[in-house]
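K.L.:
Pasting a structure here, questions to come.
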Amino acid sequence: PFEWYAEMREKTPVCFDDQRETWDVFRFEDVNRVLRDHDAFTANRAFKDDTSSNDEDTGSILQTMITTDPPEHTRLRGFVDERFQPGTIREYQPRVENVTKRLLDDLEGNEAFDFVDEFAIPLPVIVIAELLGIPAERRDQFKAWSDALVARPEETTQAELQRIQQERQRAQQEMGRYFATLLAERQGSDGDDLITLIANAEDLSRGEKVGFCILLLLAGNITTTNLLTNAIWTLEEQEMTNAVRTGDVDREQTVEEVLRYRSPIQSLKRIAIKDVELNGRSIQTGDVVTLWLGAANRDPAIFDSPETFRSERKPNRHIAFGTGVHFCLGAHLARMEADVALKQLLARFDRLDADLSDLEPLNSLYGLESLPCEVHRNT
Ligand code: HEM
């Protein structure tokens, strides 16, 4: 998509697409402004990606913090905000290190594996399941539900779409019931898991509590999978894997640059709730606005040589985690997972030899379907 972004950013930075019935916004400054202006743009419907922009029923899947505006948003986010602050996230780090180590142990003996299936998908699912406090024996079921909930075919027949929607509904109901049971069981108990925290929250309705659990599960999975995959993809492509291993290139800064260069979420949506001007164009109340984070993150007005991957870029003001009140709740967690994952992977294998010959980037949530690796171990 990056060539398209460059052209649009230059020529028609805010323009209306008749077919998709949405405004498209490409420049950093404009994207940033819309995300911060919640008086003029509502997030109510934001949890929709590009491929679902025309089907009405998925928008209401979650009435949670991600689709509410202040002051309601502030109330909802307040229940969990503290658990995602850097200090608390640091306390989780040893648990993430254990999960990562176990996953890598499971790969012991495999010379070749698919990085996406064997590592980048399971890591975030297991981590969030642990934080929520899902019993280990239910994790496979849990993963099947979350897969069904986020399944979004790129192109497909009507019948297939219907089938996927039915499965999504069923998974949502089953998972909702499962969370409702766990929430009820844990009400009044004093565990340190997120389900107990949410169960004991006063002033949250039953539906809001279930929505909370489902949101925490869904918001962080594919996104973090794609961050991990995009990191390995980019390091191998840029022939920088070894420099990160030896410490010649800073790991944390590399992760930031991967977030900018290959942002896991390429676009967000908002709806105008007032008539407003944006970069000289008149947006009317009710209009849908698509904000291209991936284009903003390569805007030459903000980033020098934006089309070049530069791990030493500093400051790196990317908005891959959004900005404003909805700034990603899980940003510190995702960064920590990526840091731990890279550190352990590179310590364990002295070569990854990712096969970049036949990659198929996914569009709506930007990542790869698979990334075959042939590893060589450190002895
Ligand atoms: C919000 C990206 C990982 C939970 C967001 C938003 C973005 C984003 C762009 C803003 C949405 C909007 O403004 O409409 C990412 C990326 C991730 C990631 C790129 C990984 C690399 C996670 C993780 C969690 C999480 C691990 C775990 C719990 C959330 C939640 C929100 C959110 C709850 C809604 C916050 C709010 O509405 O106040 N994320 N995310 N995310 N993210 Fe993440």
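The values are calculated or read from the model by the stated rules, or taken from the named source; none is laboratory data. Keep in mind that what you see is a predicted model, and the values were worked out from it rather than measured. In this analysis, Cβ positions are derived from the backbone assuming ideal geometry, glycine residues included, and neighbour counts consider all displayed protein chains. Calculation scope for accessible area: heavy atoms of the full protein, side chains included, ligands and nucleic acids excluded. Shrake-Rupley method; radii C 1.70, N 1.55, O 1.52, S 1.80 Å.
K.L.:
Within the range 237-256, is there a residue that is near the ligand (Cβ under 10 Å from one of its atoms), more than 11 Å from Pro124 (Cα to Cα) and out of contact with any Phe, Trp or Tyr (no Cβ under 7 Å at 6 or more places or on another chain)?
P.N.:
Looking through the range 237-256, at least one residue is near the ligand (Cβ under 10 Å from one of its atoms), more than 11 Å from Pro124 (Cα to Cα) and out of contact with any Phe, Trp or Tyr (no Cβ under 7 Å at 6 or more places or on another chain).
K.L.:
Mind checking which residues of the range 238-271 are small (Gly, Ala, Ser), farther than 26 Å from Arg36 by Cα and not in a helix (DSSP H, G or I)?
P.N.:
Once the filter is applied, which keeps residues that are small (Gly, Ala, Ser), farther than 26 Å from Arg36 by Cα and not in a helix (DSSP H, G or I), the range 238-271 yields only Gly247.
K.L.:
Oh, and also: Could you check the range 203-232 and list, in sequence order, the residues that are open to solvent by 20 Å² or more (accessible area, probe 1.4 Å), in a helix (DSSP H, G or I) and farther than 17 Å from Glu185 by Cα?
P.N.:
Of everything in the range 203-232, those that are open to solvent by 20 Å² or more (accessible area, probe 1.4 Å), in a helix (DSSP H, G or I) and farther than 17 Å from Glu185 by Cα turn out to be Ala219, Gly220, Ile222, Thr223.
K.L.:
Please work out if Thr196 is part of a helix (DSSP H, G or I), within 13 Å of the ligand (Cβ to nearest atom) and closer than 24 Å to Trp145 by Cα.
P.N.:
no
K.L.:
Let me ask something else about it. From the list Arg36, Arg75, Arg83, Arg45, pick out the single residue that is within 12 Å of the ligand (Cβ to nearest atom) and at pLDDT below 70.
P.N.:
It is Arg45.
K.L.:
Out of all the residues in the range 263-291, which are within 16 Å of the ligand (Cβ to nearest atom), closer than 11 Å to Phe26 by Cβ and open to solvent by 20 Å² or more (accessible area, probe 1.4 Å)?
P.N.:
none
K.L.:
Quick one: Ala301 ticks every box in (1) of a type in the set (Gly, Ala, Ser); (2) farther than 26 Å from Asp114 by Cα; (3) surrounded by 20 or more Cβ atoms within 10 Å (Cβ to Cβ) except a single one, so which number is it?
P.N.:
Failing condition for Ala301: (3).
K.L.:
Please report, ordered by residue number, the helices (runs of 4 or more DSSP H) entirely within the range 78-178 with at least 1 residues that are open to solvent by 70 Å² or more (accessible area, probe 1.4 Å).
P.N.:
So the answer is 86-106, 139-150.
K.L.:
So, one more: So if I check each of Ala320, Ala347, which one is among the small types (Gly, Ala, Ser) and within 16 Å of the ligand (Cβ to nearest atom)?
P.N.:
Ala320
K.L.:
Looking at the range 107-116, can you tell me whether even one residue there is within 16 Å of the ligand (Cβ to nearest atom) and at pLDDT 95 or above?
P.N.:
no
K.L.:
Would you point out the residue of the range 208-234, among those that are away from the ligand (no atom under 13 Å from the Cβ) and touching a residue at least 60 places away in the same chain (Cβ under 8 Å), that is farthest from Arg177 (Cα to Cα)?
P.N.:
Of everything passing the filter in the range 208-234, Thr234 is farthest from Arg177 (Cα to Cα).
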